[in-house]
Every structure is written in structure tokens, then in C-alpha cells.
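Below: one structure, written as C-alpha cells.
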Amino acid sequence: MSFDPFDFKSALPEINEDSEFFPLMSSEDEEEMNNEQVPEILSILPLRNTVLFPGVVIPITVGRDKSIKLIRDANKGNRMIGVVSQQDVGIEDPSFIQLNKVGTIALIIKMLQMPDGNTTVILQGKKRFILKDEVQSVPYIKATIEPFKEIKHKNDKEFKAMVSSIKDMAMNIIQLSPNIPSEAGIAIRNIESTSFLINFISSNMNADMTAKQRLLEEPNLRNRANLVLEHLTLDLQMLELKNQIQSKVRVDLDKQQRDYFLNQQLKTIQEELGGNSPDLEIDSLKLRASKKKWAKEVKDHFTKEVEKLARTNPAAADYSVQINYLELLLDLPWSEFTKDNFDLKRAQKVLDKDHFGLDKVKQRIIEYLAVLKLKHDMKAPILCLVGPPGVGKTSLGKSIAKALGRKYVRMALGGIRDEAEIRGHRKTYIGAMPGRIIQSIKKAGAANPVFILDEIDKVGNDFRGDPSSALLEVLDPEQNSTFYDHYVEVDFDLSNVMFIATANSLSTIQPALLDRMEIIEVNGYTIEEKIEIAKQHLVPKQREAHGLKTKDVVIKPEILEKLIVDYTRESGVRALEKKIGSLVRGVAKNLAMDEPYNPVVNKPEVEKILGAPIYDKDLYEGNEVAGVVTGLAWTAVGGDILFIEASLSPGKGRLTLTGSLGDVMKESVSIALAYLRAHAAQFNIDVKLFDQWDIHVHVPAGATPKDGPSAGITMLTALTSAFTQRKIKPHLAMTGEITLRGRVLAVGGIKEKILAAKRANIKEIILCKSNQKDILEIKEDYIKDLNFHYVTNMYEVIELALMDEKVKNPIDLTVKEDVKYPQSSLQ
């Protein structure tokens, strides 16, 4: 519905009390109006954009000259005219045939001359009529008319309900529409006449000229009411939808205005408190960026991200994420390097002071520094220090950084299973962070630190990715100049970083990753080296850690040797440091309690504090038993000696293996036995003995799993000793792999095995000739008491290892000719 306020506010005050204008028509008024006599000829006023209904009062602005003359003439007479809407609203001066055939007789209530020169006339519709014939066309149209016949309707409950619905719906529309004055609701509530109510609503509802003319021409009031109800229903639905949309837009606008207002207040409060407003934060970021030395690509990316931040609402969740991202870009050391110290003699002194031994590693660092001094743009090497625990691999990295004058960072890789730990998370994830590589570089504050990748052999993998594969890019000198972190989203140059990886074993490192690193073995220490390390580093460190002075506790070399031999069994010095710490704490207790004590620690004091010796100094068990040979083994904590025991018992040639042996070790026994059977005559053994005696091979420490091929020659020597009952040369140990042809092959872990042999008071060692190069790398001072025999085949091993002398109480291995046994079977 579209009510004009002029109907009820402007027009009413201007109407005289004695006028014939009745805004609200009652049933009596309607009946009286219907009974009025209608003239046969009427002056016809064409209406361009409205339809006049009976009983309704409307103001009309008259603009055509013909229409003005018509109004004036009629106003001087009986003030009755015919009002008819034209068929085409675009025609300025319609003819008689261009008018609709049904119109409304109107009474001129008032004619007003407006200030702008226009003439406004207030009309009240009386009753419908039908145009018949044109009487005149000049100066205005006159025509004959005939009354419009209305069809009587049945005033039943259904019709009353329909009228009630029309009234309710009209009231709802008035309430929902802000453009309709409240007087319209008052008018509708006070209308008593049903036909006038329908005419009133038809005149004011939001419908086009065609729809209103159709309502005027409808003779049946029930049908007219039904058409009005349809239009009102559509109007109400449109209004509700419009109000819903406006309400939603208003809520969004209100929220934005509220947020803007609050942000302005927040900015003012922050400035009053001395904090940074968003604008100041952005200016601060731009100021820091202007001082950075970075590539054009990084600078452009940063500028783009700052502009994005400026467009972001400070109250949005992404704002803080973007701030953190930009601060990371600023904190990263793009093209910021520490100056290397090229004093090679000083670097050598630093390395020697902090670590005893490790000559190969130190030599490689000095070589790198020398080349870097000559060629400044050399890419940093990627080293991998491999060795048992406690030998100083990790601490060596700190000494290298100190020697080079670089920053030092360490990243523990043990247990890492997520690839994102290396390359970072994408910014779209909640709680996203850069990878630990970028975090460590940021922490270092320089783009060329010494970067320790600790325990690289213990990197895991699962459904979240394979971190070792992500490390391929980090540790490849050809790729790491453009390292891409998912969070940073810009390539970062890692080619100047000196990566040093540490590992206990190479077997678990991915081959592709292993290929990218320069492997340097860091072997275990000899007793002499451990004594020097303890004197120079461990004792002063523990003394300082427990608040003691040099005079408060003195640990002499012989006491250190006792600790090494009797209380530790390792390649490194970690357990030794703990034992020294126990001794120092014992002294600190005496000093704190003012108890008398001897500052010089002696052997009884050691046993009092640490208890009885844990390990025997001399593990060699002699050569009085045939078939018992000392072998050398490599373990994760260094070298060790083990005993191979072979015994015979009457039987059918069965072979029994015990001692938690692995598959490779079992195969070594089978190969040794097969070789011995094939060459029995060469060693003066009757081949029939193999079918008349059961063989049992055991390796003590049965609960400890053992595997590997290096006990091959030891197995053959033990079996040969058992079948010949000859003694093994005293204080002899051996290691090496054998083949079915009797060849001796080289094995690994030689230095650790040699150190273990020396600790066990071994004097002679049999090795493969190919392992001679490993012995040459060990300092002569450490092996001066050892005698090495290098062999190429098993015959040489037996000749060196077995004595001609028989053991005491040898087993009688006489062959029984009258007994036939089946061929032996291996178990």
C-alpha cells in the first residue's frame, strides 16, 4: 500500500466545515451516495497516473489547459465531473477512444491555487459509470454515460472472514512500511462500510494502473475483495523480505560502525598509555625494514605483506598472525654474517684446548678455514661426525664455532617424526610456526652460524612425513641456497651455514642423506687419552661445578686410571665424568662438614666412595682349555672382547649354537665348520671325528644379542683347537671374516676393538691384511705394547694362533672304526 500523507494532513485543514467532504464513509453515506441522481452528460477529466474509486478522496494536480478549464467550469456549476483513467499514460492529450470505458463520477470538494502556479483539485469519488458516446471534444471532452451495474454478493461468513483478513493485512503493511503515516491505520480501523473499505485499500495499495482499473471494472464485490487480498498478500511478502534484508544490512553496518568506533577508542587509549596503535606498528615495521639488507624479491614480498596488514582490521584474528609473520621476516638475518677469524694458529689452539685427540676432525676444520681465507665465497662443508656416545661429537661443534668466531646453534633431531619440524607449517594453519631450521637461524642472528644437527641417525618418520627426506634439501650444497620454508614463503640462503651432523651409527641414516655429508669417524679414546681428558677438562669442570678450589681436591693420574679400568667400560668419557663427580662430591661433603680429609684422593678412598670395582682389570682367562678363543667386537659404546667357546661330546656330529647369536654369526660357525671338514687333513684331524662327536659353540653373556661376521676367524680357531686339543697362544685376540675358501676379509671398528684389547691386557692381535691401514691411523704411543699379525687366509691364522702343546687332560679323540654314524646335521 502507498498512502499519500497529503490525503490526511494537508487536505483536511483546508476543507470547510460545511463542505460535502466525508473522508470516512459510513454505510448510510454509501446508500445515500448510491441513490443520488446522475446526469446523462458529464464533462470527462482524463487521469494519467491514478484511478479514482467511489467514496475515496484524492488530490489531483491539474496541468493540461483543457483540464484546468474543465475544473473551473465545473466548479462554477454543480461541481460534478466524470473521472476516467487513460489507457496509455504516455499520451499527453488523449482522445475519447484512448480512455478506459469505466470511470467514476467525482465531486469537486476544493480547488486550490498552489504557489508554484499549478492548480490542485480535491475530488471525492461517488459512483461508477460507463462511457457511451462522445458529445464534444473542444474545449474539453463531454460524453454521455450510463450507470455501472454492480452484482449483488452474498454477505456470508466466508466473505466477512475475507474482509477481516484484508483489514488485518492492511494494518500489517502499514506497520511494516515506514513511508505510510499512522493516520492510515486509524482510517482503516474506523471504516464501517465493506465496499468503501475495499475501495479505500484499492486506491492506496501498491499496484499499477492496469490492476487498479481492473478492480474498478469488477462488478462483483466478492471477486473484487479476493483480488485485493491477492495484491495485499504479495505486498506483505515483499515488505517482509525487504525489511529482513534491510535489517541484516543494518546489523552488519552497525557492527562495522561499532568496531570502528571501538578501534578508534582503543587507538586513543593506547596512545595515551604510551603503547603502539596499529598505524604506529605499521610505521615501526616499515622503519625496521628500511634498515634491512635483503634481496629485491624479499623486499617486494615484505612490502606486499605490509600493505595487506594495513588493509586488515586490527580486531581480526589474522591481524596478529600477519604481525608475527612480518616480525619474523624482520628478525631473520638476511645477508647478515659474522666475520670469520682467519688466524689458523689461534683456531688450532682453541680446538686443542677444548678437545684432546680428534686430530682428523681438527685437521678438516683447519683445511676449510684455510681455503675460506684464500677463497671467500666457498660453500661451507657439511660434516657428519660418527662415533660412540661420550666421545665429544656435540661439544666439538661449539669449539669449532669458537675457533671460527661464528655463532653456534644446536638442533636435536632425536625422535623428530614430523616433516613440518624441518620445513615449517603453512600460515593458513592455526598456530603455524616456521621450521626449526629457520627458528635456529633466527636465534643465531647470523646467516653463517655453525649449526649442529645432533643425533641425525635417530630421526623417525610416520604418517606426518619423513623429516630425513626434508633434510635432503637442507644438507645439499647445490640446493640449500634456496631453502624454502612453508611458513616464510621466501627462499632463504643456507649455503653459508656450516652444518655438522652427529651420529652413533650410519646404518639407520637414509642413503641419499648419507651421500650429501662428509663422514668423519670419531673413535673411542685410549686409556692414556682418557687420563689426559680427565686431567685437562673433567676434573677442573667437576671441581668448579661443586664449588671447590684446586687445593681442595687432587686426583692423580693413577687414580684416574683406576676409575677408567675398574669403574667404567666405554669408548667415551661420560661415565668417567660421573665417577669423578662422585669423588668430588665426597670431598665436598667432608669439607662442608668440617671433617678431616686428605685432599689427595687415594685408592682406599675411591673404593670407600664408589664401592668395590665393577669390572675386572684383566679379562683374559688364559689358554688352559681347548676351544676357547678371545675375539674382538664392536658395540655402540665402543669396543669389547668376547670369548668363543667350542666343546665336543660323543654323539652323531650335531652342531648346537647358544649365546643369543644372530643369523650372520650362525652362518660364520657353519662356514668355519665346513672349511674345517674340507681341510681336516691339512690340520691333522681325522674327518671321521666330525660324525662321532657333537659340537657345541657358545658365546658367553647369553642374554646379550650378538651378530656380525667379524668373529669368523675366531670361530674357526676355536673349532680347530677343540678338534686338535692344542693350546691357544696366550694373550692373543683376533677379528676377521672368513669365506668357504678360507680367505680372511677385513672388518670395521678396528680402533675400538684395539682399545678394548689393550684394556683387557691382550698382547697379540690377528687381523686381515686389509685392516693394516686402520692401524696406521692410530698413534704409535697407544699401540706400542701390542703386536699385530696380518693374515690373508685361515691357514696363517691357525699357524699363528695354535701352539704345538696340548692342553692338560685332553679329550681322547680316537676314531672308532667299528661304529658307523650317519652324516652330521647342522642345527
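The values are calculated or read from the model by the stated rules, or taken from the named source; none is laboratory data. The shown structure was predicted, so the numbers you read here are calculated from the model rather than taken from an experiment. Please note: Cβ atoms are built from the backbone with ideal geometry, for glycine as well, and neighbour counts cover all protein chains shown. These area figures cover heavy atoms from the full protein model, side chains too; ligands, DNA and RNA do not enter into them. Shrake-Rupley method; radii C 1.70, N 1.55, O 1.52, S 1.80 Å.
Checked against (1) at positive phi; (2) in contact with a Leu (Cβ under 9 Å, 6 or more places away or on another chain); (3) of a type outside the set (Phe, Trp, Tyr), Glu146 meets all criteria but (1). Residue selection: Leu719 satisfies the criterion of being in a helix (DSSP H, G or I) and surrounded by 20 or more Cβ atoms within 10 Å (Cβ to Cβ). Filter the range 632-660 down to the residues that are among the small types (Gly, Ala, Ser) and within 18 Å of Tyr615 (Cα to Cα), then identify the one that is modelled with the lowest pLDDT. Here the answer is Gly638.
The sole residue among Lys773, Lys753 that is crowded, with 17+ Cβ neighbours inside 10 Å and of a type in the set (D, E, K, R) is Lys753. Only one residue in Val606, Val600 is exposed (fewer than 14 other Cβ atoms within 10 Å of the Cβ), of a type in the set (Val, Ile, Thr) and farther than 27 Å from Thr394 by Cβ, so which one is that? On inspection, the qualifying residue turns out to be Val600.
Being of a type in the set (D, E, K, R), in contact with a strand residue (DSSP E or B) (Cβ under 6 Å, 6 or more places away or on another chain) and within 27 Å of Val391 (Cβ to Cβ), is that true of even one residue in the range 633-646? Scanning the range 633-646 turns up at least one residue that is of a type in the set (D, E, K, R), in contact with a strand residue (DSSP E or B) (Cβ under 6 Å, 6 or more places away or on another chain) and within 27 Å of Val391 (Cβ to Cβ).
The set of residues in the range 317-354 being within 18 Å of the chain's Cα centre (by Cα), open to solvent by 20 Å² or more (accessible area, probe 1.4 Å) and among the polar types (S, T, N, Q) consists of Ser320, Asn324. Residues in the range 648-672 that are over 15 Å from Val699 (Cβ atoms) and in a strand (DSSP E or B): Leu648, Ser649, Pro650.
Conditions tested, residue by residue: (1) small (Gly, Ala, Ser); (2) under 24 Å from Lys535 (Cβ atoms); (3) in a loop (DSSP other than H, G, I, E, B).
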position: Lys360; (1), (2), (3): no, yes, no
position: Leu372; (1), (2), (3): no, no, no
position: Gly390; (1), (2), (3): yes, yes, yes
position: Leu396; (1), (2), (3): no, yes, no
position: Ala432; (1), (2), (3): yes, no, yes
position: Lys442; (1), (2), (3): no, no, no
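For the range 5-28, the condition holds for no residue, the condition being that it is assigned to a loop (DSSP other than H, G, I, E, B) and modelled with pLDDT of 85 or more. Selection over the range 722-746 of residues that are crowded, with 24+ Cβ neighbours inside 10 Å and at positive phi gives a count of 1. Could you list all residues from the range 491-515 that are in contact with a strand residue (DSSP E or B) (Cβ under 8 Å, 6 or more places away or on another chain) and among the hydrophobic types (A, V, I, L, M, F, W, C)? Residues satisfying the conditions are Phe492, Leu494, Val497, Met498, Phe499, Ile500, Ala501, Ala503, Leu506, Ile509, Leu514. The residues listed here are Pro650, Pro709, Pro705, Pro700; of these, the one that is open to solvent by 30 Å² or more (accessible area, probe 1.4 Å), closer than 19 Å to Asn793 by Cβ, touching a residue at least 12 places away in the same chain (Cβ under 8 Å) and of a type outside the set (A, V, I, L, M) is Pro709. Is there a residue being surrounded by 23 or more Cβ atoms within 10 Å (Cβ to Cβ), at pLDDT 85 or above and over 19 Å from the mean Cα position of the chain (by Cα) anywhere in the range 455-468? Looking for residues that are surrounded by 23 or more Cβ atoms within 10 Å (Cβ to Cβ), at pLDDT 85 or above and over 19 Å from the mean Cα position of the chain (by Cα), one finds at least one in the range 455-468, hence yes.
To keep it simple, each residue is scored yes or no on (1) under 24 Å from Asp208 (Cα atoms); (2) open to solvent by 50 Å² or more (accessible area, probe 1.4 Å).
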residue: Ile91; (1), (2): yes, no
residue: Gln98; (1), (2): yes, yes
residue: Asn118; (1), (2): no, yes
residue: Gln124; (1), (2): yes, no
residue: Asp133; (1), (2): no, yes
residue: Tyr140; (1), (2): no, no
residue: Thr144; (1), (2): no, no
residue: Pro147; (1), (2): no, yes
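Results for (1) of a type in the set (A, V, I, L, M, F, W, C); (2) closer than 14 Å to Val38 by Cβ, shown as yes or no for each residue.
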residue: Val84; (1), (2): yes, no
residue: Gln87; (1), (2): no, no
residue: Glu92; (1), (2): no, no
residue: Thr104; (1), (2): no, yes
residue: Asp133; (1), (2): no, no
residue: Ile151; (1), (2): yes, no
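For the residues Ile437, Ile400, the requirement of being part of a helix (DSSP H, G or I) and touching a residue at least 60 places away in the same chain (Cβ under 8 Å) singles out Ile400.
The numbered conditions (1) within 22 Å of Asn448 (Cβ to Cβ); (2) outside any strand (DSSP E or B) are all true for Arg543 except (1).
Take Thr502 and tell me if it is in contact with an Asp or Glu (Cβ under 9 Å, 6 or more places away or on another chain), among the polar types (S, T, N, Q) and modelled with pLDDT under 85. For Thr502, the condition - in contact with an Asp or Glu (Cβ under 9 Å, 6 or more places away or on another chain), among the polar types (S, T, N, Q) and modelled with pLDDT under 85 - is not met. Would the range 155-178 turn up any residue that is in contact with a Pro (Cβ under 8 Å, 6 or more places away or on another chain) and either more than 22 Å from Arg222 (Cβ to Cβ) or touching a residue at least 40 places away in the same chain (Cβ under 8 Å) (or both)? No - not one qualifying residue is present in the range 155-178.
Within the range 482-521, being assigned to a strand (DSSP E or B), of a type outside the set (Asp, Glu) and open to solvent by 30 Å² or more (accessible area, probe 1.4 Å) holds for Tyr484, Ile519. Out of the range 114-138, which residues are of a type in the set (Val, Ile, Thr), out of contact with any helix residue (DSSP H, G or I) (no Cβ under 7 Å at 6 or more places or on another chain) and in a strand (DSSP E or B)? Once the filter is applied, which keeps residues that are of a type in the set (Val, Ile, Thr), out of contact with any helix residue (DSSP H, G or I) (no Cβ under 7 Å at 6 or more places or on another chain) and in a strand (DSSP E or B), the range 114-138 yields Thr120, Ile130, Val135. For Gly524, state whether it is in contact with an Asp or Glu (Cβ under 6 Å, 6 or more places away or on another chain) and surrounded by 21 or more Cβ atoms within 10 Å (Cβ to Cβ). The answer is yes for Gly524. Scanning the range 562-576 for residues that are charged (D, E, K, R) and modelled with pLDDT of 85 or more, we see that the one that is farthest from the chain's Cα centre (by Cα) is Lys562. Of all residues in the range 207-226, at least one satisfies being without any contact (Cβ under 8 Å) to a residue 12 or more places away in the chain, open to solvent by less than 50 Å² (accessible area, probe 1.4 Å) and under 20 Å from Thr104 (Cα atoms).
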